[in-house]
1. In a loop (DSSP other than H, G, I, E, B) and over 20 Å from Leu142 (Cβ atoms): is that true of His47 in this structure?
2. Given the conditions (1) touching a His at 6+ places or on another chain (Cβ under 9 Å); (2) modelled with pLDDT of 95 or more; (3) not small (Gly, Ala, Ser), which single one is not true for Gln166?
3. Can you find a residue in the range 28-39 that is without any contact (Cβ under 8 Å) to a residue 12 or more places away in the chain and in the same structural domain as Arg120 (by TED's automatic domain parsing)?
4. Which condition breaks for Val130 when tested against (1) near the ligand (Cβ under 9 Å from one of its atoms); (2) assigned to a loop (DSSP other than H, G, I, E, B)?
5. Kindly evaluate Ala43 against the criterion of being within 17 Å of Gly112 (Cβ to Cβ), among the hydrophobic types (A, V, I, L, M, F, W, C), in contact (Cβ under 8 Å) with a residue 40 or more places away in the chain and in the same structural domain as Gln123 (by TED's automatic domain parsing).
6. I'm trying to understand the selection: among the residues of the range 48-77, which are under 19 Å from Thr105 (Cβ atoms) and open to solvent by less than 50 Å² (accessible area, probe 1.4 Å)?
7. Is it true that some residue in the range 78-92 is closer than 24 Å to Ala26 by Cα, charged (D, E, K, R) and within 16 Å of the ligand (Cβ to nearest atom)?
Amino acid sequence: MTLHLDYLTLFPEMFGYLHTSILKRAHLSGLITSAVHNMREHATNKHRTVDDKPFGGGVGMVLKPDIAHLALQHLALPTHARILLMTPQGRTFDQAFAKELAKETHLVFLCGHYEGIDERVHQHLVTDEVSIGDYVLTGGELPALSITDAVVRLMPGAVGKAASPQEDSFYHGLLDYPHYTRPASYNGWDVPEILMNGNHAEIEKWRRREALKRTFERRPDLLETAELSASDRKYLAELSAERL
Ligand code: ADE
C-alpha cells in the first residue's frame, strides 16, 4: 500500500530531505508519494499575508486560521487522512507513535512557523497534535521531516535487508547494543573478543545484555515498557544487585 504524504508549509524549500537516501528510494520504489504545498498561495490580500498580530496583545505573529483551512480544503482529503499539526504542545513522538503512523495510507503535516497558530486550527482542523520533544524550534518543518523519516523506515521494503529497522535502537523498546567494524585493533582500542569468535548464539546473548545494560544505565524509564524475557529480567536483577 502506498503512503501519501502532504506537507503544508510557508518554506517549501526546506523539503529537499524528502529526496535523499531512504526517502528518495521509497519514492522511486512507489512506497510513498509526496507533495509540498506553499500555504502562502492561499493568502487573499495583495500583500499575501499569512499571519497577524495576536488578539489581546503580545509579541510575535500568529498563523491565520483561514489560511490553514483554505490550504487543507484545496487538498480535498479523503476522510481517513491523518492531519498532524506540528507543535511543542502535542503528544510526544516516539517509536510506538511511529509504528502507529506507519499503518496509515495518508498523512498530512501542517507546519507552522514563528510564534504560533490560531487555536481554531488546533480545535477544528487537525486529527493529531505532535511534538518531537521538549524544546522549541522555529517551525514545524524539521519535526515533520523527522517524523516522516522515522515512519517511512518502518514500512516493509523501505530499508534494505542489510540494515533492518527491527534491529534499530528502540524497536524492541531498548537502546541499541554497540557496533564495531574493522580494524579489530586501532590505536590500542580493541573490539570485544566475543564478536570475533564466530559463535553466533554467544554474540546474540552478548548484544542483548549490552542493550539491557545501556538501557539500565542511561534510560531506566524504558525498561518499564520494553518487551523483556525471563532471562532479561534475571540479568537486570543482577545489574541492580551490583549497584547496591
Ligand atoms: N514546532 C516548534 N517546536 C516544535 C517541536 N518541538 N515539536 C513539534 N513542532 C514544533
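1. yes
2. Among (1) touching a His at 6+ places or on another chain (Cβ under 9 Å); (2) modelled with pLDDT of 95 or more; (3) not small (Gly, Ala, Ser), the lone unmet condition for Gln166 is (2).
3. Checked against the condition, which is being without any contact (Cβ under 8 Å) to a residue 12 or more places away in the chain and in the same structural domain as Arg120 (by TED's automatic domain parsing), the range 28-39 yields at least one hit.
4. (2)
5. Criteria not met by Ala43.
6. Those that are under 19 Å from Thr105 (Cβ atoms) and open to solvent by less than 50 Å² (accessible area, probe 1.4 Å): Leu72, Leu75, Leu77.
7. Within the range 78-92, one or more residues are closer than 24 Å to Ala26 by Cα, charged (D, E, K, R) and within 16 Å of the ligand (Cβ to nearest atom).
Per-residue answers, yes or no, for (1) open to solvent by less than 30 Å² (accessible area, probe 1.4 Å); (2) within 30 Å of Asp51 (Cα to Cα); (3) over 15 Å from the mean Cα position of the chain (by Cα):
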site	(1), (2), (3)
Cys111	yes, yes, no
Arg120	no, yes, yes
Ile132	no, yes, no
Ile147	yes, yes, no
Pro156	no, no, yes
Leu174	yes, no, yes
Tyr177	no, no, yes
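The values are calculated or read from the model by the stated rules, or taken from the named source; none is laboratory data. Bear in mind the structure is a predicted one, so any value in this text is a computation, not a measurement. All Cβ positions, glycine included, derive from the backbone under ideal geometry; neighbour counts span all protein chains shown. For the accessible areas, the whole protein counts, side chains as well, though only heavy atoms, and no ligand, DNA or RNA atoms are used. Shrake-Rupley method; radii C 1.70, N 1.55, O 1.52, S 1.80 Å.
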